[in-house]
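Chemist: Let me give you the structure first, and then I'll get to my questions.
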Amino acid sequence: MKKKSTLTVLLILVLFSCNHEENMPDKITQEANLKSIYDFDNYGISHNLAMDHIATMPNFNNATLEDIFYFADTYTDAYLNNSCQCNDWQTHEMQMTMLEQMNEDMTTTSNILLSMNVITPQDVPLTDMLFTIFENAISYENNSYKSIEQFTAEIEAFENFVMTNNAIVYDPNTKTGNYAANILGACSIAKSSYSYWVNATLDNSHPWNYRLTQLNAANRNGNKTGVIQKGLFGDIWRGIKRAGADAGGFLVGGDCGGILDGRDLDCAIKHAKKKSSGVRR
């Protein structure tokens, strides 16, 4: 099933990128206009700045995930504020369990989100396409993963597909939007987060490096959840899975309104920040 889903997604993206030349000018203009109107890339930028801020907390390397959960609220910017009501710690823990389950096989994401009433059946195709890109970004069996440039290019091709084939409803003032807008926000998180966690894994001087690569699974402040992979590739595997949890956390959110009546992306980024800093594996 995974191979079939993979081929379907790749075929759609290839067909999209290989349209007849006579159609390209109109598509390029449409995409450029949409990108100039919407500010989705700023959600990813905000996410990474929040991660940098969280790493400045006292005793960060040994802080519990609950401590980090509350410290995350001390960061705010134009795209990430603390005005919305976020989940409490217990709800956050429950959702983290769900996101970790999703990370085991990201092709199951739409089923999980459907069961949580986060998406509707009509939202499944876009959800599947996004998280299949994540699922195909790394192969633990083959010890291989896609470069930041490769992953970013695939997400950007998907963004273009979304903008060309879906009505984007988004208010940049209230930062509310329909599901297509939410998917574009999740794409922004995906690109920034993938780059952030891969770099954090490979750079010994990165403030998150210790927590990603050195913190023993058996001593993760009582937050151990299963067997943790060893070695550099295992660390990268975890970093990329964390990026998937970031994008999933953005879509899951909390008290951010419904998809159909205009979901608050400003609120959703707050949840992505908390999910990103709270991954337990």
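Here, each number is a calculation from the coordinates, and none is a lab measurement. All of these numbers come straight from a predicted model, not from anything done at the bench. All Cβ positions, even for glycine, are placed from backbone atoms using ideal geometry, and neighbour counts span all protein chains on display.
Chemist: Using 0.36 nm per residue of separation minus the Cα-Cα distance, give me the extension gain between N204 and V124 in nm, one decimal.
Modeler: My answer for the length gained is 24.9 nm.
Chemist: Now for a separate question. Ranked by Cβ crowding within 10 angstrom, fewest neighbours first, how are T127, T174, T164 ordered?
Modeler: Result, fewest neighbours first: T174, T164, T127.
Chemist: Taking other Cβ within 10 Å of each residue's Cβ, how do M102, M129, M57 sort, fewest first?
Modeler: Going from least to most buried by this count: M57, M129, M102.
Chemist: Sorting check: for 155-161, 74-80, 177-183, 111-117, which peptide has the highest mean count of neighbouring beta carbons within 10 Å, and how do the rest follow?
Modeler: 177-183, 155-161, 74-80, 111-117
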